[in-house]
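K.L.:
Structure provided below as structure tokens; questions to follow.
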Amino acid sequence: MYHTFQTIIIPGALAFIVTLVGTRFLMAYLYGAGIIAEDSNKEHPKKLASSGGLAVAVGIMVGMLSYTFGGSFNLYSPLINLNDLLAIALSIILIALVGFLDDVNVKANPVKSTDRMDVREGLKQWQKPLLTLLGALPIMAVNAGTSIITVPVIGSLNLGIVYPLIIIPLAVIFVSNSVNLLGGFDGLQPGMMLIASFAFLLYSIIYGTYTGTLLSAVLFASVLAFMPFNMYKARIIPGDSFTYAAGATLVAIMVMGNMEVFGAVVFFPYIIEFFLHLRRRFKVNDLGIRQKDGTFKSPYGKKIYSLTHLAMSTGRRTEQQISYCIWGIGLAFVILAFALKFLGFL
């Protein structure tokens, strides 16, 4: 029970408070600094502060470092490798900064960006995976995780040196960039991350490791604190700093929590989103065309290049309903992952 306070309650509480305070500060600061994005889904489009994910990234780091602090000053005997935690914290902040670089590229007048006009141009497509590779270096350097993974049907595989040098960087690049693909509607991104992080937390408590429990707890708490600010009608936009930092944390949880296969099932909506975007070489706009009744229709007609297009094409849905629909898909894959684990397939 005492270690539950160390790995869940205290770090989670600190992550929640820091994110809550940080988001309130960033709403005014980022808007005043001109780091904005346009919310074009409303009847009267308006510009909002962007890159709110910085508060989430800092919240995650503070939660993790609170555990490191206690272990370093002998307040308790740590059950988690502190070097691994510091490497993960560095990885998360590096990738969050890549997302921030994407968010700060704001133009005075709207420009063509991801198949639509927007004031935020962002980084070029080829720059994003290259820069996010930097975030994998700290985790690679400490040889985090275990190279033995269990694959359904095949069994246990020892990947050896291939795991830290090839699998981890590829996972960081793919996951962080895939999480960034799915969004555009109020509450969609933090809602999906809340579902995934809670699933990882529950799995870590039942089957996983202390490290996975700690990371899942601080991610869940940070996103939970940020969530009300991005729900309809949003007061701040998560930005790429959110998706990149959250994606990097998901990779760390899967690696350190020994839940790669379980995590892949939970992450499957983003895998689907990746291949849907790939069909149009990532020149895709997830947003829809707003109708007079407040519902949205896909800008590509019957062609599906995103899960949001699927939601719009299967019924007349408002912005909130589209987000709820995508959350439902995420929750369905969480249930599937636990069912496969319970039945012994994972």
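K.L.:
Where the only charges are on Cβ atoms (+1 Lys, Arg; -1 Asp, Glu), what is the dipole of the chain about its Cα centre, to the nearest 20 debye?
P.N.:
I would put it at about 1080 debye.
K.L.:
For the chain, what are the DSSP H helices with axial Cα length of 24 Å or more and mean Kyte-Doolittle hydropathy of at least 0.0?
P.N.:
Numbers: long enough: 10-32 (33 Å, 1.49); 53-72 (28 Å, 1.47); 82-103 (31 Å, 1.90); 188-206 (28 Å, 1.75); 210-230 (30 Å, 1.40); 239-256 (26 Å, 1.26); 319-342 (35 Å, 1.32).
Helix filter hits for the chain: 10-32, 53-72, 82-103, 188-206, 210-230, 239-256, 319-342.
K.L.:
Structure shown: which of K42/K303; K233/K297; K47/K303 lie over 26 Å apart, alpha-carbon to alpha-carbon?
P.N.:
Over 26 Å apart, Cα to Cα: K47/K303.
K.L.:
Once each part is reduced to its C-alpha centroid, what is the distance from the stretch 269-327 to the stretch 9-36 in angstrom?
P.N.:
29 Å
K.L.:
Right, next: Can you tell me which of 299-309, 67-77, 285-295 comes out highest on packing, and rank the rest after it, using the mean Cβ neighbours within 10 Å? The partial results should precede the final answer.
P.N.:
Working: 299-309: 18.5, 67-77: 13.6, 285-295: 16.4.
With the highest mean Cβ count within 10 Å placed first, the list reads 299-309, 285-295, 67-77.
K.L.:
Go through the stretch 6-82 and name the trypsin sites (Lys or Arg not before Pro) that are in a DSSP coil and have 15 or fewer other Cβ atoms within 10 Å of their Cβ.
P.N.:
Counting only loop positions with at most 15 other Cβ atoms within 10 Å, the trypsin sites (Lys or Arg not before Pro) in the stretch 6-82 are K42.
K.L.:
While we're on this one: Counting other beta carbons within 10 Å of each Cβ, put L65, L346 in order, fewest first.
P.N.:
Details: L65 18, L346 21.
Ranking L65, L346 by Cβ neighbours within 10 Å, fewest first, gives L65, L346.
K.L.:
Okay, moving on. Give the long-range amide H neighbours of D39: residues separated by 5 or more places, or on another chain, with amide H under 5 Å away, using H modelled in the peptide plane at 1.01 Å from N.
P.N.:
K46, K47, L48
Read the figures in this text as sums done on the coordinates, not as results from a lab. Source: prediction; values computed, not measured. Please note: Cβ atoms are built from the backbone with ideal geometry, for glycine as well, and neighbour counts cover all protein chains shown.
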